[in-house]
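The values are calculated or read from the model by the stated rules, or taken from the named source; none is laboratory data. Everything quoted here is computed from the prediction, not taken from an experiment. Ligands, DNA and RNA are excluded from the accessible area calculation, which covers all protein heavy atoms including side chains. Shrake-Rupley method; radii C 1.70, N 1.55, O 1.52, S 1.80 Å.
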Amino acid sequence: TLTDHAYDAILGLIECRSLKPGELVSHRTLARTLNISKQPICLALGRLREDGVVTSKPRVGTQVALVTADEMWGMLQWRVALETRIITLAKDWATEAQKADLRQKAEALDKRVEAGEACMRDEMGFHQFLSEICGCDKFRDELKKLNIFHLKASLCELIALGDSGQPRKIGVSHVELAHALSDDGLDPAKLMEAHICQSRDMRDFTRRYVENKRKSRQ
């Protein structure tokens, strides 16, 4: 629908930093930029507000949400706990066809990541599919909500870390995660934890967060 298109397009503007944390969002400007009428824009912003991506305040207007370092840290810990359990269940519950589909998605995604062509929503799509084959609808729904928050939190908080513009290197790849579902010699939970925590952005954020916390306690 036009609302879905507007929703994805606004997320894209946030992801490419055309809309920055704390910036006021103009319905009229968005309608003109995206060539979409104001009604779908308003409905899309309503959904984004429910997801926590934007906020609205009287006499202020709609803004791209700001995320504190503490919120980001908490989100990271919750994501590790949630996704390590999801991949553990997926190893037991996913069908062979689903595992093969996951491997295909992983190979395609890793090529895009290494070429610097993948966006965060591409990666979240892979993780969401993994949650859909784990056999637990509750985990699937929780990860869906977290993915939106992860997109918002990462972009808003990690902007300060800078971006070299170079293709992103993968620690534990998506292909390794996919193969862990079929290889009894691999521990999928440990691989998932490493995949999340050893990524460049998360590693740099964690280092800075811990350093700042230690300084504040001195």
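Students sometimes get this wrong: rank Glu142, Glu176 by accessible area, probe 1.4 Å, all chains present, largest first.
Glu176, Glu142
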Tell me, what is a quarter of the convex hull surface for the C-alpha atoms of the chain, in nm² with one decimal? 14.0 nm²
In Å, what is the Rg of the alpha-carbon atoms in the stretch 22-127, and how long is Dmax? 18.7, 55
Shape descriptor, the stretch 74-154: equivalent ellipsoid semi-axes (Cα gyration tensor, sqrt 5λ, whole Å, largest first) stand at 19, 19, 9
If I fit a long axis through the Cα atoms of helix 69-93 and take the longest principal axis of the Cα atoms of the chain, what angle between them do I get, 0 to 90°, rounded to 10? 40 degrees
